[in-house]
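Notes follow once the structure below has been shown.
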Amino acid sequence: MTSNTTGWGKNTQPHSRGHLDHIERELGLGVANTVHRPDGLAYQARREGDHPVPSVAELAARIDGALNNLNNLWLVADELQSQFLEVQDVVNGFLKHGAPPPPEVTVFTVKQACTHLGVSRTTLTRLRKQGLPCFTLGEGTAARPRFRRDELDAWIAKHQPRRTIGGQR
């Protein structure tokens, strides 16, 4: 009858290191050996193909790097939080006092010029033929007329018919 090498059952003797190495080999765990690398750092190698167990110095360096990364993440999080609070203040201001007016348009498309002057597209075309200032973007059939707000207002003020009381000019 063979003795029980696992430590269970009737024969519960303490195992020698050689016995444990044999069990590790049988289970495919390998035996830990200290290996010295060319750069002077040592690590524990289990067997060929396994990832080496890092030395204490390597673990300390990894922990230090991780702590630096964590510190950088906290700095980024603080910056994002301050930017979020700034945006939140702006939004709360809009909600309390209303949104700011849109930026003033200084160059109009045909549709925008018609709306600004309160005329139809046909009337705008007639006014252009009468000298309403405009410029074009593009060339040939792709040319699109554009109108400067200040030029429109000045031309209309100069050419608008004056009305008097009773409809007489």
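Tell me, which residue of the range 95-116 that is in a helix (DSSP H, G or I) and touching a strand residue (DSSP E or B) at 6+ places or on another chain (Cβ under 9 Å) is surrounded by the fewest Cβ atoms within 10 Å (Cβ to Cβ)?
Taking the range 95-116 and keeping what is in a helix (DSSP H, G or I), we get 95-97, 110-116.
Subsequent filtering for residues that are touching a strand residue (DSSP E or B) at 6+ places or on another chain (Cβ under 9 Å) retains 110, 112-116.
Numbers: V110: 16, Q112: 14, A113: 23, C114: 18, T115: 11, H116: 16.
Within the range 95-116, the match that is surrounded by the fewest Cβ atoms within 10 Å (Cβ to Cβ) is T115.
The residue pairs whose first member lies in the range 55-72 and is at pLDDT 85 or above, whose second member is of a type outside the set (S, T, Y) and in a helix (DSSP H, G or I), and whose beta carbons are closer than 8 Å, counting only pairs six or more residues apart or on different chains, do not exist in this structure. Residue-level analysis places K129 among those that are open to solvent by 100 Å² or more (accessible area, probe 1.4 Å) and under 30 Å from W155 (Cα atoms). Residues that are under 30 Å from E151 (Cα atoms), surrounded by 10 or more Cβ atoms within 10 Å (Cβ to Cβ) and either in contact (Cβ under 8 Å) with a residue 40 or more places away in the chain or over 24 Å from the mean Cα position of the chain (by Cα) (or both) are absent from the range 79-94 altogether. The number of residues in the range 136-161 that are open to solvent by 50 Å² or more (accessible area, probe 1.4 Å) and either in a helix (DSSP H, G or I) or in contact (Cβ under 8 Å) with a residue 12 or more places away in the chain (or both) comes to 14.
The values are calculated or read from the model by the stated rules, or taken from the named source; none is laboratory data. A quick note: this is a predicted structure, and the numbers were derived from the prediction, not measured. No Cβ is skipped: glycine too gets one built from the backbone with ideal geometry, and neighbour counts run over all protein chains shown. These area figures cover heavy atoms from the full protein model, side chains too; ligands, DNA and RNA do not enter into them. Shrake-Rupley method; radii C 1.70, N 1.55, O 1.52, S 1.80 Å.
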